[in-house]
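Inspection log for the structure reproduced underneath, given as structure tokens.
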Amino acid sequence: MNNNLILPIVTDKTVFNSLINMIVPDPQHHSFISQEINNFLSRHKAATIAMRLGLALLKLQSRLYYFKAFTQLSEEQQFDWFKNSHKPWRNLLLKALAVPIKLAYLQSPELHKSLGSRVQLPEVKAEKFRWQQQIVSLQDLEDETEVDVVIIGTGAGGAAAAYEMASKGLAVLIVEEGEYYDRSHFNGNIPKLLKSLYRKMGMTATFGNTIIPIPLGRNVGGTTTINSGTCLRAPDKVLNDWKKNGLSDFPAEELNPWYEQVEDILQVQPADDDAVGDIRKVITQGAESIGLKKIHVLNRNAVGCDGQGLCQLGCPTDAKRSTNVSYIPRALESGAMLVTSTKATQLQWQDGKIIGVILTQSNNKNKTITIKTNTAVVAMGSLLTPSFLANNGVKNKWLGKNLSIHPCGAVHAHLPQYNFSNSQKIPQGFGVSDHKGEGLMLEGATPPLMAYGLMLKETGSDFVSKIQRYQQTGFFGFMIKDRSRGRVFPQKIKGLPLVHYRMNNEDFKQFLQGIVSLIRIYLAAGAKEVEIAGSPKLPKISSEDDIKKLFSLNLKPRDFLITAYHPLGSCRMASSKDLGVVDTNLQVYDKQGLFVMDGSVVPSSLGANPQLTIMALASRSASRLANQLLNETY
Ligand SMILES: Cc1cc2nc3c(=O)[nH]c(=O)nc-3n(C[C@H](O)[C@H](O)[C@H](O)COP(=O)(O)OP(=O)(O)OC[C@H]3O[C@@H](n4cnc5c(N)ncnc54)[C@H](O)[C@@H]3O)c2cc1C
């Protein structure tokens with residue numbers, strides 16, 4: 001490698017060279033990788049110190065384990081060290097140092113050119129709309145401004161509630177901790193968009209018998225801006241079960257007109273076949289061969305979607321009707337105001353009634369004002385609402401408990417006979433729902449190239465060849481209707497919600513059923529090599545015998561990559577305060593004027609993607625509340 005390319009900032013250049021060569025043994029990318037890391041380090045002093053320290057420690061470790069300098073290790077020794085799974089702590093540093101190298105490689109324009117994918121979309125100029133004038137910052141608001149309702153959060157629940165109340169003529173102030181972005185911002189640049197659109201760069205997770213990441217949105221649109229756009233109603237059976245379990249006075253059929261309204265506003269319709277791509281053929285062929293019948297494109301809120309492959313990074317064409325382009329504009333057109341980069345920090349009470357909400361600028365704790373109101377709607381999402389309520393005087397034994405999450409698994413397969421054009425198709429446009437009734441739903445789950453690359457456990461030529469076959473890799477996933485329940489604690493750690501979730505045996509069994517279903521589908525569709533996302537312990541599967549081998553292992557939840565996207569139920573709705581936190585109008589028990597309208601009120605796991613249900617519940621209650629407030633006031 002050309003030494004002149006190597007970072008002036010990194011002192012251990014030879015070690016660093018050797019490391020790059022080990023992780024990405026393809027010299028044509030080395031200069032780009034070096035430059036990228038160099039640029040990054042020159043802007044981040046702490047990262048430079050960490051890198052220097054890391055390299056120094058790596059040198060030391062090499063001497064300790066192999067009695068040799070790192071640069072003198074044979075390729076075999078380096079890989080042995082990287083794979084070292086019997087003493088996992090030994091390779092932690094090596095794996096950590098590999099991350100920036102992989103990240104830089106995955107941004108290489110040359111790589112993307114060769115794969116026919118895009119590292120970043122060209123710049124576009126977004127349209128300007130009159131309703132955008134209703135978006136203000138905290139400085140624009142006067143202290144003691146008085147409004148009918150303050151709505152905290154602009155995600156599925158908050159945005160639907162805001163539209164419903166503003167359109168009836170109430171003075172509504174919507175508060176959002178994140179910023180407002182238009183589609184010109186949604187250019188596919190993962191590091192930049194993780195920072196601007198996700199809470200804590202997507203690092204929110206549960207702890208328990210395994211760690212389960214649950215990414216959350218923090219922007220105008222909340223998690224809907226970064227979601228996959230799938231729109232399913234809750235199964236009737238689930239709604240009927242609510243009636244039996246603590247919701248005797250909830251008329252489930254009353255939700256139907258609200259579902260219809262939400263579907264109308266979001267323009268829900270089946271995904272376009274072409275935009276779904278060839279994964280449809282593979283899954284159809286495989287699923288039919290093993291006797292499954294309910295194989296279909298998914299309903300989505302994305303009319304005109306041409307498959308940009310970037311739903312989870314904000315839709316670059318505005319086709320996806322996330323709330324930033326659907327409900328929020330409607331609410332603002334109806335006269336609501338939206339204050340962004342502003343956190344609701346405290347509720348003010350007098351004689352048991354709400355009298356105000358204190359707002360603080362997200363990046364400046366000293367800038368604070370009070371908004372006078374008698375009605376506050378909390379819609380911060382299932383992982384944040386409970387701690388806000390607990391810290392604002394709500395006491396209820398269910399607060400923070402009853403959390404369901406729809407745990408998800410993923411399986412992918414190498415199918416060289418296909419070119420899936422993964423970066424230009426809908427990531428989640430297809431599904432198989434034969435086992436939906438039992439709580440297992442198979443759905444598309446194609447990650448962008450960079451996310452896939454960072455998930456790979458391989459290094460060196462194995463890593464590079466996996467990346468090279470990205471377009472010939474079929475991705476699919478599943479979610480389960482969980483029976484396990486987690487808990488959100490009132491405390492936060494550096495702004496991260498503290499969430500415990502332990503997957504029980506019954507759910508783990510169903511999780512394994514999801515894994516096996518997908519393996520069999522891929523094998524029946526002609527895949528020669530199927531891989532399960534998870535630890536290196538999991539074997540590659542090419543036959544039924546391999547499935548047997550898989551099950552001969554002592555499998556645990558922590559062996560798999562389990563993720564979740566649908567936290568629900570941490571402030572459950574119930575017919576009495578002994579059974580839940582909010583009543584069927586979504587008012588907090590014993591707290592006049594305080595409402596919760598987000599995923600946290602959904603009493604149980606749904607077994608279907610939840611945004612429609614959250615919006616339908618919020619719309620119904622917001623409409624009732626608006627009528628009540630208008631009758632009282634005018
Ligand atoms: C990658 C991904 C894919 C998904 N795909 C789908 C899908 O295809 N279909 C589906 O139905 N669901 C999907 N979901 C889930 C769905 O988007 C969420 O269930 C839904 O958005 C939750 O709505 P919510 O109102 O509870 O909270 P959110 O949408 O999370 O909104 C909460 C908002 O409150 C704001 N907030 C929090 N605290 C404060 C505060 N103190 N002050 C001011 N603002 C605050 C947050 O910044 C955020 O904007 C997906 C989720 C993810 C992460």
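When the Cα centres of segment 530-589 and segment 280-310 are compared, how far apart do they sit, in Å? Each part's Cα centre sits 22 Å from the other's. Ranking of E443, E144, E263 by solvent-accessible surface, largest first: E144, E263, E443 (1.4 Å probe, protein heavy atoms only, all chains present).
Judged by the mean number of other Cβ atoms found within 10 Å, the most tightly packed of the peptides 147-153, 507-513 leads the ranking 147-153, 507-513.
Measuring between their Cα centroids, segment 172-234 and segment 106-130 lie 20 Å from each other. Computed from label points 7 Å out along Cα-Cβ, the spacing between S421 and K397 is 5.8 nm.
On the basis of the beta-carbon distance and an R0 of 22 Å, K509 and L553 show a calculated FRET efficiency of 0.90. Cβ-Cβ distance of D241 and K125, R₀ of 56 Å, FRET efficiency by 1/(1 + (r/R0)^6): the value works out to about 0.70. As a calculated quantity, the FRET efficiency between S576 and N627 at R0 = 30 Å, using C-beta atoms, amounts to about 0.80. Here is what passes the span test in the chain: the DSSP H helices with alpha carbon length of 18 Å or more along the helix axis and a Kyte-Doolittle mean of 0.0 or above are 45-66, 92-105, 505-524, 611-633. For segment 21-118, the carbon plus sulfur part of the accessible surface works out to 58%, probe radius 1.4 Å. Translational diffusion of segment 425-581 was estimated from the Stokes-Einstein equation, with Rh taken as the Kirkwood radius over Cα pairs; at 4 °C and 1.567 mPa s the coefficient is 72 µm²/s.
Taking 0.36 nm per residue of separation and subtracting the current Cα-Cα distance, fully stretching the chain between Q285 and Q491 would add 69.3 nm.
Considering only alpha-carbon pairs that sit under 8 angstrom and 6 or more positions apart, the relative contact order computed for segment 250-339 is 30 percent. The packing ranking of peptides 219-225, 177-183, highest mean first, is 219-225, 177-183, where packing means the average number of other beta carbon atoms within 10 angstrom of each residue. Packing around the peptides 547-559, 618-630, 591-603, taken as the average count of other Cβ atoms within 10 Å per residue, puts them in this order, highest first: 591-603, 618-630, 547-559. When the C-alpha to C-alpha distance is required to be over 26 Å, the pairs from K243/K343; K113/K294; K243/K320; K125/K168; K13/K83; K436/K591 that qualify are K243/K343; K113/K294; K243/K320; K125/K168; K436/K591.
Per-residue extension of 0.36 nm, minus the Cα-Cα distance of K528 and D306, leaves a gain of 76.9 nm for this segment. Working note: Karplus 6.51/-1.76/1.60 with θ = phi - 60° gives segment 566-583 the couplings 10, x, 9, x, 6, 9, 4, 7, 7, 7, 8, 6, 7, 10, x, 9, 10, 8 Hz, where Gly and Pro are set to x.
Exposure check, 1.4 Å probe, all protein chains in place: Y163 carries approximately 40 Å² of accessible surface.
Taking the protein heavy atoms of segment 457-613 in the context of the full set of protein chains, the accessible area attributed to carbon and sulfur is 51 percent at 1.4 Å. Using 0.36 nm per residue and subtracting the Cα-Cα separation, the extra length available between Q61 and Q348 on full extension is 97.7 nm. Over the residues of the chain, the helix contribution to mean residue ellipticity at 222 nm works out to -10000 deg cm²/dmol, using -39500 (n - 2.57) for each DSSP H run of at least 4.
Approximating the spin labels as points 7 Å out from Cα along Cα→Cβ, the Q132-to-M455 distance works out to 3.4 nm. Where the centre of each part is set by its Cα atoms, how far does segment 415-442 sit from segment 53-105, in angstrom? Distance between centres, Cα-based: 37 Å.
Each Cα pair under 8 Å and six or more residues apart adds its separation to the average, and for segment 41-93 the resulting relative contact order is 20 percent. Excluding same-chain neighbours fewer than eight residues apart, the lysines reachable from K192 by a Cα-Cα span under 17 Å are K102, K200. Normalised per residue, the accessible area of the chain is 41 Å², obtained with a 1.4 Å probe and no contribution from ligands, DNA or RNA. Using only alpha-carbon positions in the chain, the gyration tensor eigenvalues give semi-axes of 42, 29, 23 Å once each is multiplied by 5 and square-rooted (largest first). Here the relative contact order of the chain, from alpha carbon pairs under 8 Å that lie six or more residues apart, stands at 19 percent.
The values are calculated or read from the model by the stated rules, or taken from the named source; none is laboratory data. Quick caveat: nothing in here was measured; it's all calculated off a predicted structure. Neighbour counts are summed over all protein chains in view; Cβ atoms, including those assigned to glycine, are modelled from backbone coordinates with ideal geometry. The accessibility values were calculated without ligands, DNA or RNA, using every heavy atom of the protein model including side chains. Shrake-Rupley method; radii C 1.70, N 1.55, O 1.52, S 1.80 Å.
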